[in-house]
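In what follows, a structure is listed as structure tokens, so that the remarks can point back to it.
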Amino acid sequence: MGGSSKRLQTELLHAQQGDMGDPAVRRVAELLRGGRLVAFPTETVYGLGADATNAEAVAGIFQAKGRPHSDPLIVHLASAEALPTVAASIPPLAVRLANQFWPGPLTLILPRAEQIPPIVAAGGDTVGVRVPGHAVALALLRVAGVPVAAPSANRFMHTSPTTAAHVLADLDGRIDAVLDAGPCAIGVESTVLDVTVSPPRVLRPGGVTLEALRTVAPDVVGLEPGVTSEPVAAEHVARAPGQMERHYAPRTRLIVFDAQGAEALAAIRAEAEAALARGERVGALLADEEAEALAGLPVTVARLGSHTSLTEISRRLYAALREMDELGLDVIVAHTFGMEGMGLALWDRLRRAAGGEMRRL
Ligand code: TXA
Ligand code: MG
């Protein structure tokens, strides 16, 4: 599509058996090889893909999303065997991490190979790479036979899509096709780990937890609470521009309490009561067990799943934010789910969805 901004006909294709013989997979792979823009499912969120070796096709991704060229893209591979085609060198730690976590929600930052045009990497000398843990994505990558650059398939700054319908809501008429394989299993993006520095550093927490990473690389530096107030933060922002303070965001104002349990629920109730008293329409994101906390108040509650399963909550979070956003509310209230396991990625996304600020109790 080059530099053109003309409206495209976006084809919606449904994966059937989801293997390399699937007609929908073959059609979308053909589009990819022809330099077109296609959204496809992964285990984390839907991606907006283009042939990573085709600079013009990759330029179309930035245009369709309204994304600044300063924000680098992740390159998706069918298998770690293809790593030498995208990375100039592969440290032994990267091999160990790939063996342990691929296919899966881990993006490794590696030195960029010449074959990957600078536009993919925002002009930098590194490239983010991952092998997605999703059968349809893997079939598509195999049939396409090219590395696929793909950010999340949403308009810039918006909540990432976890269904094909979410993709169309943001990008219908701006991309060539959407390959639908149902909702994403993980629901938040991959963990981005920079292995070009020592010790390796998490640039974005995600589907692979810090605890799991440390079983392979015990010295991994995580994104700990308060990191954004430390001097290192500016460097983070420069190296991973996706790490902007407002990101993954609904349009509706979101207030997040960085707390759990009875304390968090009392604060949410008080906030809801105050907003209702101002005549505002209020929504809340709560775990299933917490839904009664706002009983008696005219508040729309989205249930995220049981608080005993942070994977369930991660899977639901973005869809819930989008559903809430459709309701024309004035404010949405929510709370964090601790810092352990998937709690860290939830903490990060809730904070950014709230514009970078959370309320502490
Ligand atoms: O789960 C995911 O990672 C999804 C699916 C589609 O794979 N993709 C995704 O891409 O979330 P995107 O573009 O929305 O987020 C990529 C993140 C951004 O924060 C970007 O700054 C960072 O990865 N990133 C990519 N390449 C990088 C590089 N060379 N150096 C530092 N950060 C990089
Ligand atoms: Mg994104």
* Asked: Out of (1) out of contact with any Gly (no Cβ under 8 Å at 6 or more places or on another chain); (2) open to solvent by less than 10 Å² (accessible area, probe 1.4 Å), what's the single condition that is false for residue 60?
  -> (1)
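Residue-by-condition table, conditions (1) of a type in the set (Gly, Ala, Ser); (2) part of a helix (DSSP H, G or I); (3) open to solvent by less than 10 Å² (accessible area, probe 1.4 Å):
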{"position": "94", "(1), (2), (3)": "yes, yes, yes"}
{"position": "98", "(1), (2), (3)": "yes, yes, yes"}
{"position": "104", "(1), (2), (3)": "yes, no, yes"}
{"position": "107", "(1), (2), (3)": "no, no, yes"}
{"position": "110", "(1), (2), (3)": "no, no, yes"}
{"position": "119", "(1), (2), (3)": "no, yes, no"}
* Name the one entry in 152, 89 that is more than 13 Å from ligand 1 (Cβ to nearest atom), assigned by TED's automatic domain parsing to the domain that holds residue 201, polar (S, T, N, Q) and more than 17 Å from residue 55 (Cβ to Cβ). => 89
* Just to be sure, is residue 71 more than 9 Å from ligand 1 (Cβ to nearest atom), open to solvent by less than 20 Å² (accessible area, probe 1.4 Å) and assigned by TED's automatic domain parsing to the domain that holds residue 131? -> no
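Is it fair to say residue 181 is within 16 Å of ligand 2 (Cβ to nearest atom) and either at pLDDT 95 or above or touching a strand residue (DSSP E or B) at 6+ places or on another chain (Cβ under 7 Å) (or both)?
Against the criterion (within 16 Å of ligand 2 (Cβ to nearest atom) and either at pLDDT 95 or above or touching a strand residue (DSSP E or B) at 6+ places or on another chain (Cβ under 7 Å) (or both)), residue 181 does not qualify.
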* To do: Give the stretch 174-209 a look and list any residue that's farther than 27 Å from residue 140 by Cα, in contact (Cβ under 8 Å) with a residue 40 or more places away in the chain and either assigned to a strand (DSSP E or B) or open to solvent by 20 Å² or more (accessible area, probe 1.4 Å) (or both), or say none.
  => 196, 203
* Criterion violated by residue 51 - all others in (1) open to solvent by less than 30 Å² (accessible area, probe 1.4 Å); (2) of a type in the set (D, E, K, R); (3) touching a strand residue (DSSP E or B) at 6+ places or on another chain (Cβ under 6 Å); (4) more than 16 Å from ligand 2 (Cβ to nearest atom) satisfied -> (3)
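The values are calculated or read from the model by the stated rules, or taken from the named source; none is laboratory data. Source: prediction; values computed, not measured. When we count neighbours, we look across all protein chains shown, and the Cβ atoms used for this are built from the backbone with ideal geometry, even at glycine. Accessible surface areas use protein heavy atoms only, side chains included; no ligands, DNA or RNA. Shrake-Rupley method; radii C 1.70, N 1.55, O 1.52, S 1.80 Å.
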